[in-house]
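Data first, discussion second: the structure below is written as structure tokens.
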Amino acid sequence: MLAPLLAARLPAAAGLPSSESGYYFLEGGLPPAGAGVPAAAPAALTTPAPFDVNAIRRDFPVLQETVHGRPLIWLDSAATTQKPQAVIDRLAYFYQHENSNIHRAAHALAAKATDAYEAAREKVRRFLSVPSVDEIVFVRGATEAINLVAQSWGRKNIAADDEIIITWLEHHANIVPWQQLCTETGARLRVVPVDDRGQLRLDAYESLLGPKTKLVAFSHVSNALGTITPARQIIEMARRYDARVLVDGAQAVSHLPTDVKALDCDWYVLSGHKLFAPTGIGVLFGKADVLEAMPPWQGGGNMIRDVTFEKTEYQPPPARFEAGTGSIADAVGLGAAIDYVERIGLENIGRYEQELLGHATRALARIPGLRLIGLAPERAAVLSFVLDGIRSEDVGAALDREGIAVRAGHHCAQPILRRFGLESTVRASLAFYNTFAEIDALAAALLRIRSGTPLVT
Ligand code: PLP
């Protein structure tokens, strides 16, 4: 076997995969569990169990930054999460020791890079409780995953008069691709309304479902309001009409344990950068039979079995949907982020974040003139609000001067804000590295902004 011979000549400090059975692409099989993980982990994880927020914070270098001379308070995790040292080190390690293109070359670095990339796919599979790695497609992010489904499955399966159901809660990424598909095919977009607390109205959903319903696409967690949708129930109801279901998990996977098999959806999408991983990498889960029946959406290298000028034979999934060179190191970084999150445990994360959210909701509700938008009982990590008489953008800028990073605007979810009569809100979004003290600092800053009291430095 070539690979172990090559491996034996390379220094142990390179952190070679521990596989004795050879490399993925040379052997043609799947890598063993743990393949692609450096033998000597580049970063020591300092986080002990049980949950210790101060230890966790030490894992995130950017949280030690100051902004405008004040300690950074990062309350913009719904836009993107910060990265733990373990992920940063894993990326650096890849470029220092493993960098190569994957799948197609008979040399040691190609083998290492391929092993690392495929090991990341296995980690995603396990993280989402998916039966097979062949059901995991690497893409750029949730947006690309949804566009892939709309253009591949959608163009093949949606026709005039068919109906696609989405909800008022959706991010533009889960509206625009379906709208484009409807324009192209003559299908109709139907939208499930929400009540005044930001919960989906399942009675209205029931009445929208029918024999014309071909697809239901909805967010597991709303990015603008934090509403956790009753995903299992929504899927069960869609199944009664044989509709396919896509779940947008971009805002869910960093807060809730996700069991895609139990959900029984056809597709589940996520963005790595919202899960403590790099930007430029995301995941499309698709059920094996569903992916198998989908045509490729982009053509090029990697996705083909054979090419002549007359015709091309395609690879089976997932390679069929991964044309060209993907974000190899970022996929490996996503694997490291999943390892990190699993070390802490999503149950622990969820419990802590719920306490933080409860504290934040109570603290903000006490501020005169502050209106919280979206108060669904089932909510994750998001506080959307407006301050009477002060533009959201001005609130965001004033908080920034105090080192507090929030988002002010429409959060790429204009329809849901307009449902509440607004064009923009301030959104503070939490992750497990935030503290109660940071929430108190936010509340104190909002009180100052509200009363026009300048910050004393
Ligand atoms: N879906 C939801 C619910 C989101 O919050 C986002 C991003 O904010 C997206 C989809 C799009 O994610 P990305 O920009 O990473 O593709």
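Since every read-out is calculated from the coordinates, none of them should be taken as a lab result. Remember, predicted model here, so these are calculated numbers, not experimental data. Every residue, glycine among them, receives a Cβ derived from its backbone with ideal geometry; neighbour counts consider all protein chains shown.
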- Note on the structure: Treating every alpha carbon of segment 110-154 as one equal point scatterer without solvent, the Debye formula yields log10 I(q)/I(0) values at q = 0.26, 0.34 Å⁻¹ of -0.96, -1.07
- Query: In the structure shown, do any of Lys112/Lys287; Lys212/Lys311; Lys112/Lys156; Lys112/Lys274; Lys156/Lys261; Lys83/Lys214 have a Cα-Cα gap over 30 Å, and if so which?
  - Reply: Lys212/Lys311; Lys112/Lys156; Lys83/Lys214
- Along the three principal axes, how long is segment 191-282 when you take its alpha carbons, biggest first, rounded to the nearest angstrom? 41, 30, 21
- Task: Mean Kyte-Doolittle of at least 0.5 plus a Cα span of 24 Å or more along the axis: flag which DSSP H helices in the chain meet both, please.
- Result: 328-344
- the chain - convex hull of alpha carbons, volume per residue in Å³: 146
- Using mean Cβ contacts within 10 Å as the protection proxy, how do 193-202, 77-86 order, highest first? 77-86, 193-202
- Counting only residues 5 or more places away or on other chains, whose amide H sits under 5 Å from the amide H of Val192 once H atoms are built in the peptide plane? Ile166, Thr167, Trp168
- Note on the structure: Counting only DSSP beta bridges with both partners in the chain, the antiparallel fraction in percent, to the nearest 5, comes to 60
- Item | Placed amide H near Thr213: partners under 5 Å, 5+ positions off or other chain | Glu163
- Query: If you stretched the chain out fully between Asp264 and Gln298, how much longer would it get, using 0.36 nm times the residue separation minus the C-alpha to C-alpha distance?
  - Reply: 9.6 nm
- Item | Space enclosed by the convex hull of the alpha-carbon atoms of segment 115-185, per residue, Å³ | 119
- Where a ≥ b ≥ c are root eigenvalues of the Cα gyration tensor, a/c under 1.5 meaning rounded, otherwise prolate if a/b exceeds b/c and oblate otherwise, segment 45-149 counts as prolate
- Query: Which cross-chain or sequence-distant (5 or more) residues have an amide H under 5 Å from the amide H of Val67, H modelled 1.01 Å from N in plane?
  - Reply: Leu72
- Task: Return the sequence-ordered ³J(HN,Hα) values of segment 314-319 in whole Hz as given by the Karplus equation 6.51 cos²θ - 1.76 cosθ + 1.60 applied to θ = phi - 60°, using x for Gly and Pro.
- Result: 9, 6, x, x, x, 4
- Message: Can you pull out the GluC sites (Glu not before Pro) in segment 295-352 whose DSSP state is coil and whose Cβ has at most 11 other Cβ atoms within 10 Å?
- Response: Glu310
- Note on the structure: Rounded to the nearest 0.05, FRET efficiency between Ala159 and Asp196 (Cβ-Cβ, R0 45 Å) equals 0.80
- Taking chymotrypsin sites (Phe, Trp or Tyr not before Pro) that fall in a DSSP loop and have at most 16 other Cβ atoms within 10 Å as cut points, what is the longest piece of the chain between them? 52-240
- Where only alpha carbons of segment 247-363 are counted, the Rg and the Dmax (Å): 18.1, 67
- Estimated FRET transfer efficiency when R0 is 51 angstrom, pair Glu393-Thr183 (beta carbons, to 0.05): 0.95
- Please work out the ratio of the alpha-carbon Rg of segment 355-426 to 2.2 N^0.38 Å and round it to two decimals. 1.08
